[in-house]
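Worksheet: one structure, shown below.
The values are calculated or read from the model by the stated rules, or taken from the named source; none is laboratory data. Computed from a predicted model, the values in this text were never measured in an experiment. Reconstructed Cβ throughout: ideal geometry from the backbone, glycine too, with neighbour counts over all protein chains shown. Please note that ligands, DNA and RNA were not included when accessible areas were found on the heavy atoms of the full protein model with its side chains. Shrake-Rupley method; radii C 1.70, N 1.55, O 1.52, S 1.80 Å.
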Amino acid sequence: MNARFAIGKVAGALITLGFVLVFNFFLFRVVQTDPVATLFRGRNIPQERLDQLRAEFGLDKPLGGQFVDYLQQTAQLNLGLSYQSRQPVWNEIKSKIPATVALVGTSAVLSAVIGTALGVAAAWRRGTKTDYSITTSTMLFYSMPDFWLGMLLLVGGAIITGIFPVGGIIDAGSSRAGIGRLLDQAHHIALPALTLTLAYLGEYAIVARSSLLETMKEDYLVVARAKGLRDIKVRNRHALPNALLPVVTLSAINFGFVLSGAIAVETVFSWSGLGKATSDAIRGPDLPMLQGLFLLFSAAVILFNLIADLVYGRLDPRVRT
Amino acid sequence: MTEALVVVEDLHIHFGAARAVDGVNLAVMPGEVLALVGESGSGKTTLIRAIQGLTHPTSGKVLFEGKEADARHLPDVQMVFQDPTGALNPRRTVSEIVAEGLRIEKFKGNEAEAVSTALSRAGLRPPERFLRRFPHEISGGQRQRVVIAGAMVTEPRLLLADEPVASLDASIRGEILGLLRNLVDTTGLAVLVVTHDLGLAWNIADRVAVMYLGRIIEVGPTEELLDSPKHPYTKALLSVVPETRGMEQQILSGEIPDPKRIPSGCRFHPRCPVLQSGESERLGIAERCRGEDPAIISAAATREAACWAVKAIAVAG
Ligand SMILES: Nc1ncnc2c1ncn2[C@@H]1O[C@H](COP(=O)(O)OP(=O)(O)OP(=O)(O)O)[C@@H](O)[C@H]1O
Ligand code: SF4
Ligand SMILES: [Mg+2]
């Protein structure tokens with residue numbers, strides 16, 4: 001790959017990140033008039049104590065000074081204290097990352113792999129019953145709101161049949177370790193992961209299908225066939241590598257949203273990840289927590305977009321120059 | 001007479017109600033350039049796809065050196081397409097593209113050498129300059145040369161070229177045609193070239209076959225056929241070519257031909273100027289024009305037209 005191309009993309013990503021930092025700072029200064037008052041809303045606290053707290057938070061300084069503080073603290077991952085738990089925001093966030101990555105990451109990978117495979121199968125047998133059933137079923141799941149699909153699965157898979165637990169990440173009070181613990185977690189992750197996988201399958205299936213159909217019109221496939229390459233090899237060597245380029249971009253973008261969690265589905269299944277943390281923070285509102293979460297989400301999206309660009313540049317010689 | 005390289009026998013290819021190829025006999029001799037001309041939808045592409053084995057005939061046969069091709073693919077036949085950009089995989093380098101035919105045929109010799117030779121023969125010199133390029137990095141004319149190199153690398157006996165220069169700049173058409181003619185003259189390759197353009201046929205073909213609604217209606221050596229066309233359809237086609245300014249222009253009237261509704265009798269009769277002018281009446285063939293299909297031209301014919309008027313005049317004169 002062209003070094004100029006890569007450097008340009010990295011520089012673009014850094015600039016975007018800079019904008020996000022500035023925006024994130026001012027956005028929360030605009031919505032929040034007096035965080036200390038919000039924090040102790042309804043409680044009877046002496047004025048001196050409030051002033052002291054404002055000074056502790058640095059809220060008595062001018063805006064420029066606050067911005068410099070903010071940049072320094074952010075660079076050290078010091079994102080302030082959560083209003084709700086009174087714990088450092090970064091610690092709160094850090095403790096929730098594994099649960100979200102496990103749930104949303106698994107579903108993102110599964111939906112990408114299965115959805116693409118379904119889309120390819122549908123395109124290859126276009127106009128047949130296989131095509132029709134794949135297209136309608138994936139679109140059905142795609143068009144359902146994810147929390148509703150989650151509730152249907154929750155009722156069917158946990159409440160009525162009792163096969164799966166109703167929620168949580170692990171059985172309360174369980175002291176199992178090793179394999180047993182892993183199985184317990186798998187048992188808990190099954191329903192929410194199934195929900196998210198089903199909800200996102202359709203996007204991949206439709207993109208893969210239409211892209212492959214488009215590619216299958218290309219003359220270079222006829223050329224390869226005319227040279228005696230068998231149909232299945234024509235598909236695997238020529239059609240798929242080109243047709244799957246848009247799928248690569250789509251997955252990279254979706255992976256960028258893995259950390260953002262799945263607000264609705266995590267809430268339905270009481271999955272204590274970043275998505276649920278977001279909805280809790282909104283309810284507060286817990287502004288330092290929200291600010292930290294937004295920063296993390298934006299950084300993840302920017303990073304994965306960068307990865308998508310670089311991978312695409314690697315895969316498609318036409319975009320490198 | 002030398003043995004034909006490819007013989008097409010009573011070939012029919014139907015797509016539902018559309019009879020895209022409707023009874024074609026044709027022979028391609030080794031080392032000749034045969035031009036297949038005719039208006040859009042006359043079945044030219046369908047015919048050559050069937051020769052390549054890409055389309056399955058509804059009935060009839062394609063024989064290569066007297067043997068019926070059992071598999072779909074004839075290793076001695078290669079294709080060149082109209083649009084070189086679409087014919088090249090955008091993610092493959094020139095060397096991978098040209099080598100593909102060798103890899104498919106499990107070539108035992110020196111691949112790099114064969115690829116370089118094919119590129120030089122196609123006029124891409126020095127070949128090293130092109131090996132690692134991608135299709136988007138070279139010009140349209142060079143792309144068509146890459147397609148030709150990819151087709152020639154396996155040293156085929158027959159090249160099927162579907163409008164090989166139609167998508168290229170007028171300025172480089174001559175070069176590409178010259179290249180094809182040169183390959184024929186130096187390697188004994190035969191070329192079946194499809195074209196809308198009679199001027200192009202004039203420049204490189206040894207023989208011309210004219211197709212109308214799924215059937216070959218006239219065939220003959222290039223000069224003879226273009227100098228003194230016999231079939232009224234060929235005459236009409238030629239009258240609108242700029243090179244033949246001497247002729248009175250004939251714009252065909254009547255309905256646009258549709259392979260789903262091929263007319264009875266002579267398939268050209270609804271548009272035929274000979275019939276419309278009353279000439280057929282005078283020759284006493286008007287009934288036949290409307291009701292009786294002129295015999296299909298045989299593959300062995302050197303100069304023939306499927307037309308009742310031509311036969312009547314030949315008998316009379
Ligand atoms: N796969 C197909 N399915 C249905 N109809 C087809 C198919 N391929 C060709 N036809 C029809 O067969 C007829 C002949 O088409 P063909 O492409 O062979 O014509 P052509 O002489 O090559 O025309 P052009 O000069 O426009 O390339 C057309 O009416 C076309 O619509
Ligand atoms: S057979 Fe009759 S209708 Fe057909 S081309 Fe000849 S003169 Fe015209
Ligand atoms: Mg055609």
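Tabulated results
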| read-out | value |
| --- | --- |
| Condition met for A:Val248 (away from every other protein chain (no Cβ under 14 Å) and touching a residue at least 24 places away in the same chain (Cβ under 8 Å)) | no |
| Meets criteria (farther than 25 Å from A:Gly228 by Cα, open to solvent by 30 Å² or more (accessible area, probe 1.4 Å) and more than 26 Å from the chain's Cα centre (by Cα)) for B:Arg133 | no |
| When residues of segment A:4-25 are limited to those that are over 19 Å from A:Ala308 (Cα atoms) and under 20 Å from the mean Cα position of the chain (by Cα), the one modelled with the lowest pLDDT | A:Asn24 |
| Unique residue being assigned to a helix (DSSP H, G or I) and either more than 14 Å from chain B (Cβ to nearest Cβ) or of a type in the set (Phe, Trp, Tyr) (or both) when the list is A:Ile232, A:Ile302 | A:Ile302 |
| Where B:Asp293 falls short, out of the listed (1) away from ligand 2 (no atom under 13 Å from the Cβ); (2) open to solvent by 60 Å² or more (accessible area, probe 1.4 Å) | (1) |
| Unmet requirement for A:Leu240, which otherwise passes all of (1) open to solvent by less than 40 Å² (accessible area, probe 1.4 Å); (2) touching a helix residue (DSSP H, G or I) at 6+ places or on another chain (Cβ under 6 Å); (3) more than 10 Å from chain B (Cβ to nearest Cβ) | (2) |
| For B:Ile176: the one exception among (1) without any contact (Cβ under 8 Å) to a residue 40 or more places away in the chain; (2) farther than 30 Å from B:Gly109 by Cβ; (3) open to solvent by less than 10 Å² (accessible area, probe 1.4 Å); (4) in a helix (DSSP H, G or I) | (2) |
| Among (1) crowded, with 23+ Cβ neighbours inside 10 Å; (2) within 12 Å of ligand 1 (Cβ to nearest atom), the one test that B:Arg49 misses | (1) |
| Of all residues making up segment A:195-229, the number that are over 30 Å from A:Val155 (Cβ atoms), more than 10 Å from chain B (Cβ to nearest Cβ) and of a type outside the set (Val, Ile, Thr) | 8 |
| So A:Ala224, is it without any contact (Cβ under 8 Å) to a residue 24 or more places away in the chain, in a helix (DSSP H, G or I) and closer than 30 Å to B:Gly86 by Cβ | yes |
| Helices (runs of 4 or more DSSP H) wholly inside segment B:204-280 containing at least 1 residues that are in contact with a Cys (Cβ under 9 Å, 6 or more places away or on another chain) | B:232-239, B:273-276 |
| Test: residue in segment B:270-279 that is near ligand 2 (Cβ under 8 Å from one of its atoms) and either within 14 Å of chain A (Cβ to nearest Cβ) or more than 30 Å from B:Thr45 (Cβ to Cβ) (or both) | yes |
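Each row is one residue, and each column tells you yes or no for (1) surrounded by fewer than 20 Cβ atoms within 10 Å (Cβ to Cβ); (2) within 16 Å of ligand 2 (Cβ to nearest atom); (3) among the hydrophobic types (A, V, I, L, M, F, W, C).
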position	(1), (2), (3)
B:Ala27	no, no, yes
B:Ser59	yes, no, no
B:Pro84	no, no, no
B:Ala99	no, no, yes
B:Glu105	yes, no, no
